[in-house]
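The values are calculated or read from the model by the stated rules, or taken from the named source; none is laboratory data. This is a predicted model, so every value here is computed, not measured. Heads up, the Cβs are rebuilt from the backbone with ideal geometry, glycines too, and the neighbour counts pull from every protein chain shown.
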Amino acid sequence: MFNTCFGILTPRIMRTWKAYAEDRRGLAAVEFAMVAAPFFLLIFGLLEVCVLFIVSTIMEHAVAEASRQIRTGQAQESGFNEQNFRTSVCDRLMDMLDCDAKLHIDVKSLDGFSSFNIDMPIDEEGKFDDDGFTYDPGGPNEIVAVRIFYEWSLLTPLMTAPLANMEGSKYLVQANAVFRNEPFGD
């Protein structure tokens with residue numbers, strides 16, 4: 001009896017499966033569902049790299065403009081301190097970055113252009129190390145290095161994992177300006 005019942009249902013099951021197999025409605029939706037996650041991950045990773053380049057360019061501009069006050073002696077003659085310089089840099093960042101906790105500034109007077117330290121201030125554990133950061137704008141005709149760093153949190157860590165140079169999926173963006181001060185104050 002079981003064999004007879006199964007034999008009677010087999011043609012119906014086959015017709016049902018054949019109908020499902022021939023039905024093409026929704027095929028594009030299924031294919032898109034399979035491709036959508038990697039596609040959007042790739043797009044968002046690419047967008048994040050583009051935003052990083054934009055942030056880097058904006059930081060370079062902010063350093064160049066803010067350090068002009070040091071180079072011309074305006075900062076030294078008006079009694080600029082580190083907080084005033086930070087405000088000057090932050091005003092030029094177009095409110096794109098959090099200037100309070102993630103922005104780090106180092107202004108040093110150097111003995112020569114070759115003594116400029118270009119190493120990233122990241123310790124072995126991937127944490128930011130600002131030991132030795134100072135605010136010394138130098139005097140007339142002195143060589144000065146201005147470095148600013150920003151801890152950028154990566155939004156797509158799967159795609160941008162090779163970019164992370166800090167713990168917690170962060171990338172340290174750096175902008176520099178090295179120059180000789182003008183002979184101000186004469």
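Assorted remarks:
- Test for Met59: is it under 25 Å from Glu167 (Cα atoms), among the aliphatic types (A, V, I, L, M), part of a loop (DSSP other than H, G, I, E, B) and under 17 Å from the mean Cα position of the chain (by Cα): no
- In region 71-98, the residues that are surrounded by fewer than 16 Cβ atoms within 10 Å (Cβ to Cβ), within 27 Å of the chain's Cα centre (by Cα) and not acidic (Asp, Glu): Gln83, Asn84, Thr87, Arg92, Met94, Met96
- Subset of region 132-157 [in a loop (DSSP other than H, G, I, E, B), within 22 Å of the chain's Cα centre (by Cα) and farther than 19 Å from Ala66 by Cα]: Leu154, Leu155, Thr156
- Failed condition for Phe116, given (1) modelled with pLDDT of 90 or more; (2) in contact with a strand residue (DSSP E or B) (Cβ under 6 Å, 6 or more places away or on another chain); (3) not polar (S, T, N, Q): (1)
- Ser109 falls short of the stated requirement of being touching a helix residue (DSSP H, G or I) at 6+ places or on another chain (Cβ under 9 Å), at pLDDT 90 or above, of a type outside the set (D, E, K, R) and farther than 20 Å from Ser153 by Cβ.
- Qualifying position, being in a helix (DSSP H, G or I), more than 23 Å from Pro162 (Cα to Cα), out of contact with any helix residue (DSSP H, G or I) (no Cβ under 6 Å at 6 or more places or on another chain) and in contact (Cβ under 8 Å) with a residue 40 or more places away in the chain, among Phe80, Phe32, Phe85: Phe85
- Qualifying residue in region 88-100 (condition: under 30 Å from Leu41 (Cβ atoms), in a strand (DSSP E or B) and not small (Gly, Ala, Ser)): no
- Residue pairs whose Cβ atoms lie under 8 Å apart, separated by 6 or more positions or on different chains, with the first residue in region 158-183 and assigned to a loop (DSSP other than H, G, I, E, B) and the second aromatic (Phe, Trp, Tyr), are Ala164/Tyr171; Asn165/Tyr171.
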